[in-house]
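Trainee: Pasting a structure here, questions to come.
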Amino acid sequence: MNIKPLVLILGYLMGDEGVKHPSFKEGLNAILRQGVHHLHMMIELAMQINMDARQGKSVKKLGWKALQSIIEFTQCFVQGLWTNNDPMLQLPGFDQDEIKAYRKKLREHQIPDGKIETFCRLSPEQRAKLGLFGGDKAKLGQLEKVIKALPLVTASYKVEVEGEETITASDVISFCISLKYDNLPEDQSPGYICSIAYPYLKRSNWYFVIVDAATKENVIQVERLQCDEGKNVCKFEMKQRFGRAGKFSFHCYLCNDSYIGFDKELSIEVDVL
């Protein structure tokens, strides 16, 4: 077994300066350049395994926790962080001391929690009053530029039958799940990702993972999507006929493959008459 790639990946994720040695540069760059593609292939393989199980070709199937592990590792891989690192470290200028100093000010500035998304949803004026970086305006300016590129999104869904007010067992039902980028105008799609560690150009993807509401583990559908060019909304659309009446409940996990701490969840209910 060749352990060099494993050591390089772990060193990169743990922030070990040793992996930056010139003798490792070529190998590490090859891993970083190809790694995200291989992680996406792992998700696609999981989807194929589940499809084979539904068709009776295999007894094996993978649930949400398996997919979640791959997606979360992809996020860490792109950001060069380990699973126990603080998501605030994705932001330029932040280290453990700066994060600690910021969280000491939460109550004073009436900030509800210390999550990265909460911080990024503050107004620039609110962040300016926090006294970050010892008042260094250059660092604060760089931070504001990065925040504009982050996936601050609002999730929503719509379930309907075109031209009908009610849904019956024989209807073809349209599902539309949307993620709208709140910090972008309607005619602008997200650009390339911001990462302190990852050296290559990359656009972020969203994984739409629909599971049953009872266990939140049995995977029904998985899609990897991006915003269409010139639009600030990422949409998943599906049509389905249930064939029987009842109340159907689903849960949807919406996960970005490039950033930690910005994922969303939706509970979806459908009443079929």
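Please treat every number below as a calculation from the coordinates, not as lab data. For clarity, every value in this text was computed on a predicted model and none was experimentally measured. A quick note on method: Cβ atoms are made from the backbone with ideal geometry, for glycine too, and the neighbour counts reach across all protein chains shown.
Trainee: Roughly what percent of Cα-Cα pairs across the chain reach past 29 Å?
Mentor: Value for the chain: 43 percent of Cα pairs lie more than 29 Å apart.
Trainee: Taking Cα centroids, how far is segment 148-181 from segment 244-271 in Å?
Mentor: One Cα centre to the other: 11 Å.
Trainee: Which one, Glu165, Glu44, Glu98, has the greatest fluctuation when you compute a Gaussian network model over the chain with C-alpha springs under 10 angstrom?
Mentor: So, out of Glu165, Glu44, Glu98, the one fluctuating most is Glu165.
Trainee: In segment 153-272, how does Rg compare with the Kirkwood Rh, expressed as the Rg/Rh ratio over alpha carbon atoms?
Mentor: Ratio of gyration radius to Kirkwood radius: 1.03.
Trainee: Which percent of Cα-Cα pairs in segment 1-133 sits in each 10 Å bin, short to long?
Mentor: All Cα pairs considered, the percentages come to 10, 29, 25, 23, 11, 3, 0.
Trainee: From the phi of every residue in segment 117-123, what ³J(HN,Hα) in whole Hz does the Karplus formula 6.51 cos²θ - 1.76 cosθ + 1.60 yield, where θ is phi - 60° and glycine or proline is x?
Mentor: With coefficients 6.51, -1.76 and 1.60, one gets 5, 4, 4, 6, 8, 5, 6 Hz.
Trainee: Right, something else. Projected onto the charge dipole of segment 93-147 (+1 at Lys/Arg Cβ, -1 at Asp/Glu Cβ, origin at the Cα centre), which of Leu143, Phe133, Pro112 gives the Cα projection farthest towards the positive end?
Mentor: Farthest towards the positive pole: Pro112.
Trainee: In addition: Taking only Cα atoms and a 10 Å spring cutoff, compute GNM fluctuations for the chain and point out the largest among Gln142, Gln75, Gln90.
Mentor: Gln142
Trainee: For segment 93-147, restrict the atom set to alpha-carbon positions and state the Rg and Dmax in Å.
Mentor: That works out to 10.3, 27 Å for Rg and Dmax.
Trainee: Separate question: Would you mind computing Rg(Cα) / (2.2 N^0.38 Å) for segment 139-194, counting N as its residues?
Mentor: In units of the globular-protein estimate, segment 139-194 measures up at 1.77.
Trainee: Per-residue HN-Hα couplings for segment 15-29, Karplus 6.51 cos²θ - 1.76 cosθ + 1.60 at θ = phi - 60°, whole Hz, x for Gly and Pro?
Mentor: Coupling constants for segment 15-29: x, 6, 5, x, 6, 7, 4, x, 5, 9, 4, 5, x, 5, 4 Hz.
Trainee: In debye, nearest 20, what is the charge dipole magnitude of segment 4-79 about its Cα centre with +1 on Lys and Arg Cβ and -1 on Asp and Glu Cβ, if you could check?
Mentor: 300
Trainee: While we're on this one: Give me the dipole magnitude in Debye, nearest 20, for segment 227-273 about the Cα centre, with unit charges on the beta carbon: positive for Lys and Arg, negative for Asp and Glu.
Mentor: For segment 227-273, the charge dipole is close to 320 debye.
Trainee: If the viscosity is 0.692 mPa s and the temperature 37 °C, what Stokes-Einstein diffusion coefficient in µm²/s follows for segment 83-192 when Rh is the Kirkwood radius over Cα pairs?
Mentor: In µm²/s, the coefficient is 194.
Trainee: State the answer as a single residue: which of Thr154, Gly27, Ile193 lies farthest towards the positive end of the charge dipole of the chain, with beta carbon charges of +1 for Lys and Arg and -1 for Asp and Glu, about the Cα centre.
Mentor: Comparing the listed Cα positions along the dipole, Gly27 ranks first.
Trainee: OK, next. Starting from the Cα of Tyr157, step 7 Å along the direction of its Cβ; do the same at Arg107; then give the gap between the two resulting points in nm.
Mentor: 3.9
Trainee: Using Cα atoms only, what is the angle between the long axis of helix 137-147 and the major principal axis of the chain, expressed in degrees (0 to 90) to the nearest 10?
Mentor: Around 20 degrees separate the two axes.
Trainee: Rg/Rh for segment 30-79: what does it come to with C-alpha atoms and Rh from Kirkwood?
Mentor: Checking Rg against Rh, the ratio lands at 1.08.
Trainee: Give the angle, between 0 and 90 degrees and rounded to the nearest 10, that separates the Cα long axis of helix 4-13 from the longest principal axis of the Cα atoms of the chain.
Mentor: 80
Trainee: For the pairs Lys20/Lys148; Lys60/Lys247; Lys4/Lys60; Lys25/Lys139; Lys60/Lys216; Lys145/Lys264, note any where the Cα-Cα span goes beyond 26 Å.
Mentor: From the list (Lys20/Lys148; Lys60/Lys247; Lys4/Lys60; Lys25/Lys139; Lys60/Lys216; Lys145/Lys264), the Cα-Cα distance tops 26 Å for Lys20/Lys148; Lys60/Lys247; Lys4/Lys60; Lys25/Lys139.
Trainee: Fewest to most neighbouring Cβ within 10 Å: what's the order for Arg107, Arg33, Arg127?
Mentor: Arg107, Arg33, Arg127
Trainee: Which whole-angstrom value gives the distance between the alpha carbon centres of segment 105-125 and segment 21-58?
Mentor: About 36 Å separates the Cα centre of segment 105-125 from the one of segment 21-58.
Trainee: Using θ = phi - 60° and the Karplus curve 6.51 cos²θ - 1.76 cosθ + 1.60, what whole-Hz ³J(HN,Hα) does each residue of segment 200-212 get, with Gly and Pro shown as x?
Mentor: Working through the residues one at a time gives 10, 5, 7, 9, 7, 10, 10, 9, 9, 10, 9, 10, 6 Hz.
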